[in-house]
């Protein structure tokens, strides 16, 4: 499951992107902006049918997404 989340996050950045810190907030990554947030939210909603707001996703990390999806 975590691999699927990592793939979705990487694809959302639309460039060669490698996640090394699973606890790092998305807003702290280079290249993170509102468009990336919207793309990520859309992909997560499509794949996992979850609703996340832009202000929430900024504060999230791969690990926090994993926990949210698995609850």
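Projecting label points 7 angstrom from Cα along Cα→Cβ for residue 54 and residue 70 puts them 3.1 nm apart. Of 61, 10, 34, the sequence from fewest to most neighbouring Cβ atoms within 10 angstrom is 34, 10, 61. A compact globular protein would have a Cα radius of gyration near 2.2 N^0.38 Å; the ratio found for the chain is 0.96.
Fewest neighbouring Cβ atoms within 10 Å first, the residues 35, 40 line up as 35, 40. Where is the GNM fluctuation largest for the chain (alpha-carbon springs, 10 angstrom cutoff): 13, 26, 48? Answer for the Gaussian network model of the chain: 48.
Values in this text are rule-based calculations from the coordinates and carry no lab data. These numbers come from a predicted model, not from an experiment. Cβ sites come from the backbone with ideal geometry, for glycine too, and all protein chains shown count toward neighbours.
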